[in-house]
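The values are calculated or read from the model by the stated rules, or taken from the named source; none is laboratory data. Just so you know, these numbers come straight off a predicted model, no measurement behind them. Every residue, glycine as well, gets a Cβ built from its backbone with ideal geometry; the counts of neighbours run over all protein chains shown. Ligands, DNA and RNA are stripped out before the accessible areas are found, and what is left, the full protein with its side chains, is counted by its heavy atoms. Shrake-Rupley method; radii C 1.70, N 1.55, O 1.52, S 1.80 Å.
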Number of protein chains: 2
Amino acid sequence: MSVEKLSSSLCHGGDQQVWRHDSRATGTKMTFAAYIPEHEEGAKLPVLWFLAGLTCTHENAMVKCEYKKAANEHGVIVICPDTSPRGEGVADHEDYDFGQGAGFYVDATQQPWQPHFRMRSYIEDELPEVVAAALPVDMDRQAITGHSMGGHGALTIGLRNPGRFRSTSAFAPIISPLNCPWGEKALTGYLGDDRQDWREYDSVALIEDGARLQNVLVDQGSADEWLEGQLKTHLLQDAVRDAGLDWDIRMQDGYDHSYFFVSTFVAEHIAWHARHLKV
Amino acid sequence: MSVEKLSSSLCHGGDQQVWRHDSRATGTKMTFAAYIPEHEEGAKLPVLWFLAGLTCTHENAMVKCEYKKAANEHGVIVICPDTSPRGEGVADHEDYDFGQGAGFYVDATQQPWQPHFRMRSYIEDELPEVVAAALPVDMDRQAITGHSMGGHGALTIGLRNPGRFRSTSAFAPIISPLNCPWGEKALTGYLGDDRQDWREYDSVALIEDGARLQNVLVDQGSADEWLEGQLKTHLLQDAVRDAGLDWDIRMQDGYDHSYFFVSTFVAEHIAWHARHLKV
């Protein structure tokens, strides 16, 4: 497996790196960002996966999200993967919310997406192997978070893999692809018309179908322009209440959907994850 | 004068805004970012001007530079202007370091740049009027900073206007356009071949010609890829020493030229400016 470090920049004492590797899951080159806090030689650090939203590459959170100071202080490696396969021969669509930049963290079963759009396998199985081989991570201490489509990714991956992550958080997540235009468009395209096949990619459906997860924190801005039409936080509040889960779902007054919102609360999320990761 | 607010996003408790206005200095629409900390109704806040570097718009520092938390804590408005005029009918050049995105904070005298490339007048004279009219700023409490070409802008504007800014700082500034390829290319283009005309746009020449400025802080990364060939911090160290000035010029070990470097130290700069602004 060819894994190559593309760049390295000191930031807040730690090292913000970018890596590229050949992915067997997607059949393409994949790029990810990795922030490595200062640490003693030979130490293994806990890892926080940060999944980005629609239109993003590995670069958006790396550049816009103010996680680096807190990650260095708490000694947590932060990995920002890309949101889809890319490149020559990879299917795409002209819309911002479908195709490249909009992988939705699913393994596509439909053409022309099936050969490369395997972001579930990439994030759940392959990337952890790549990261464990290349970086000083302690894979027994993992946490996951994400923004918007990436919040959907974090919650669904967490719910499908109970025990893997010490803690799970999300910023303005898409709650239920079964119940919003973004999700209906993408999952119809990637998975086909049988909505039963979508349920493993839907936080609410996973909870309804019995999935359980502890240590979950969700922040949602009250001024988010997508709250009513796409994100629908209330669906998660209902599902969590009906299942008797003790999740912390917070409305943040006046915040919109941008990285200005994520950056405001990411240090608090990292401190919260760190408490679970350091036990 | 038409001044229009384009956007507004809560971030770290304050409001990150973008504004656009008709500029008489450049004869174009100009866009700037303004971060407004939380404040009491009717209060007037000190202002920090943040001048960006080559290729940047108003957006780069707004998105990449982690100034917002510190600005809110210290109650300092931060203004990020564009780095050149833009739009239809505005001269441009295919290179990244000349033309649009590379105004160098000069008033051009040469064609085809002279009609619109008047960034000195824009930053020194017009934008302060626009900001004072639109925002709750206390213009008796100003400070200025910038990155790279914007660090050159901050230092030269500070040196030409002693008394206007309580404090002046810079991140990885271009020290002397008279003595580096970026400067020689740009100032030849904008100002012509008579290098005597360049001296008011050169920190070292301004100091040699008698300009004096107090409360100056400069940070430069030791791993900056442009340090030797373009930035040449040692020229400023020499000029400051020869003039007997007490400036704080710091080398930051291992940091490169990126906003990862600026973001690491910007909170410290804001705290330092705030001490001067609050007297």
Residues (at pLDDT below 95 and not hydrophobic (A, V, I, L, M, F, W, C)) located in the range B:246-279: B:LYS278
Failed criterion for A:ASP197 (all others in (1) open to solvent by 50 Å² or more (accessible area, probe 1.4 Å); (2) under 17 Å from the mean Cα position of the chain (by Cα) hold): (2)
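Within the range B:142-165, how many residues are open to solvent by less than 10 Å² (accessible area, probe 1.4 Å) and under 9 Å from the mean Cα position of the chain (by Cα)? So that I can check it myself, show each step before the final result.
Quick first cut of the range B:142-165, residues open to solvent by less than 10 Å² (accessible area, probe 1.4 Å) only: B:143-146, B:148-159.
Filter once more, keeping what is under 9 Å from the mean Cα position of the chain (by Cα): B:144-146, B:148-155, B:157.
Final tally of qualifying residues: 12.
Just to be sure, is A:TRP182 in contact with a His (Cβ under 6 Å, 6 or more places away or on another chain) and under 25 Å from A:ALA108 (Cβ atoms)?
Details: in contact with a His (Cβ under 6 Å, 6 or more places away or on another chain): no; under 25 Å from A:ALA108 (Cβ atoms): yes.
No.
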All positions within the range B:171-189 that are crowded, with 21+ Cβ neighbours inside 10 Å and touching a Pro at 6+ places or on another chain (Cβ under 8 Å): B:GLY183, B:ALA186, B:LEU187
Qualifying residues in the range A:28-43 (those that are open to solvent by 10 Å² or more (accessible area, probe 1.4 Å) and away from chain B (no Cβ under 14 Å)) - the one nearest to A:ILE270 (Cα to Cα): A:HIS39
Single unsatisfied condition, A:THR168 versus (1) of a type in the set (Val, Ile, Thr); (2) open to solvent by less than 20 Å² (accessible area, probe 1.4 Å); (3) more than 21 Å from A:HIS273 (Cα to Cα): (3)
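Restricting attention to the range B:1-43, which residues are in a strand (DSSP E or B) and among the polar types (S, T, N, Q)? Walk me through it before giving the result.
Of the residues in the range B:1-43, the ones in a strand (DSSP E or B) are B:3-11, B:14-22, B:29-36.
Once the filter is applied, which keeps residues that are in a strand (DSSP E or B) and among the polar types (S, T, N, Q), the range B:1-43 yields B:SER7, B:SER8, B:SER9, B:GLN16, B:GLN17, B:THR31.
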Those residues of the range B:68-84 which are surrounded by 24 or more Cβ atoms within 10 Å (Cβ to Cβ) and either of a type in the set (D, E, K, R) or within 13 Å of chain A (Cβ to nearest Cβ) (or both), in sequence order: B:LYS68, B:ALA71, B:ASP82
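Just give me the residues in the range B:228-255 being touching a Ser or Thr at 6+ places or on another chain (Cβ under 8 Å), more than 14 Å from chain A (Cβ to nearest Cβ) and either in contact (Cβ under 8 Å) with a residue 40 or more places away in the chain or open to solvent by less than 30 Å² (accessible area, probe 1.4 Å) (or both), in sequence order. It would help to see each step written out before you state the result.
So in the range B:228-255, the residues touching a Ser or Thr at 6+ places or on another chain (Cβ under 8 Å) come out as B:231-232, B:235-236, B:239, B:249, B:251-255.
Still in the list and also more than 14 Å from chain A (Cβ to nearest Cβ): B:231-232, B:235-236, B:239, B:249.
Of everything in the range B:228-255, those that are touching a Ser or Thr at 6+ places or on another chain (Cβ under 8 Å), more than 14 Å from chain A (Cβ to nearest Cβ) and either in contact (Cβ under 8 Å) with a residue 40 or more places away in the chain or open to solvent by less than 30 Å² (accessible area, probe 1.4 Å) (or both) turn out to be B:LEU231, B:LYS232, B:LEU235, B:LEU236, B:ALA239.
Go through the range B:90-147 and count every residue that is out of contact with any helix residue (DSSP H, G or I) (no Cβ under 7 Å at 6 or more places or on another chain), part of a strand (DSSP E or B) and either in contact (Cβ under 8 Å) with a residue 12 or more places away in the chain or under 14 Å from B:THR28 (Cβ atoms) (or both). Spell out how you get there, then give the answer.
The first filter runs over the range B:90-147 and keeps only residues out of contact with any helix residue (DSSP H, G or I) (no Cβ under 7 Å at 6 or more places or on another chain), leaving B:90-96, B:99-101, B:111-112, B:114-116, B:118-122, B:125-136, B:138, B:140, B:142.
Cutting the leftovers down to part of a strand (DSSP E or B) gives us B:99, B:118, B:138, B:140, B:142.
Okay, now just the ones that are also either in contact (Cβ under 8 Å) with a residue 12 or more places away in the chain or under 14 Å from B:THR28 (Cβ atoms) (or both), so B:99, B:118, B:138, B:142.
Number satisfying all stated conditions: 4.
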Test: residue in the range B:243-258 that is part of a strand (DSSP E or B) and acidic (Asp, Glu): yes
Conditions (1) surrounded by 15 or more Cβ atoms within 10 Å (Cβ to Cβ); (2) more than 14 Å from every other protein chain (Cβ to nearest Cβ); (3) not hydroxyl-bearing (Ser, Thr, Tyr): number failed by A:GLU4: (1)
Complete set of residues in the range A:256-277 that are open to solvent by 20 Å² or more (accessible area, probe 1.4 Å) and closer than 13 Å to A:GLU73 by Cα: A:ALA267, A:GLU268, A:ALA271, A:TRP272, A:ARG275
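I'd like the residue in the range A:55-67 that is open to solvent by less than 20 Å² (accessible area, probe 1.4 Å) and not small (Gly, Ala, Ser) and, out of all such residues, is farthest from the other protein chains (Cβ to nearest Cβ).
A:CYS56
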Test set (1) within 15 Å of the chain's Cα centre (by Cα); (2) more than 14 Å from chain A (Cβ to nearest Cβ); (3) closer than 24 Å to B:ARG160 by Cα - B:ALA108 fails condition number: (1)
Some residue of the range B:15-27 being buried (at least 22 other Cβ atoms within 10 Å of the Cβ), within 11 Å of chain A (Cβ to nearest Cβ) and touching a helix residue (DSSP H, G or I) at 6+ places or on another chain (Cβ under 6 Å): yes
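Out of all the residues in the range B:200-208, is one or more open to solvent by less than 50 Å² (accessible area, probe 1.4 Å), closer than 20 Å to B:TRP272 by Cα and of a type in the set (A, V, I, L, M)?
no
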Candidate set from the range A:211-225 (those that are within 14 Å of chain B (Cβ to nearest Cβ) and surrounded by 15 or more Cβ atoms within 10 Å (Cβ to Cβ)); member that is farthest from the chain's Cα centre (by Cα): A:ALA223
Residue match in the range B:24-43 (condition: at negative phi, basic (Lys, Arg) and free of Cβ contacts under 8 Å to residues at least 24 places away in the same chain): no
Residue under evaluation A:PRO46, criteria (1) touching a residue at least 12 places away in the same chain (Cβ under 8 Å); (2) within 14 Å of chain B (Cβ to nearest Cβ); (3) in a strand (DSSP E or B); (4) touching a helix residue (DSSP H, G or I) at 6+ places or on another chain (Cβ under 7 Å), criterion not met: (2)
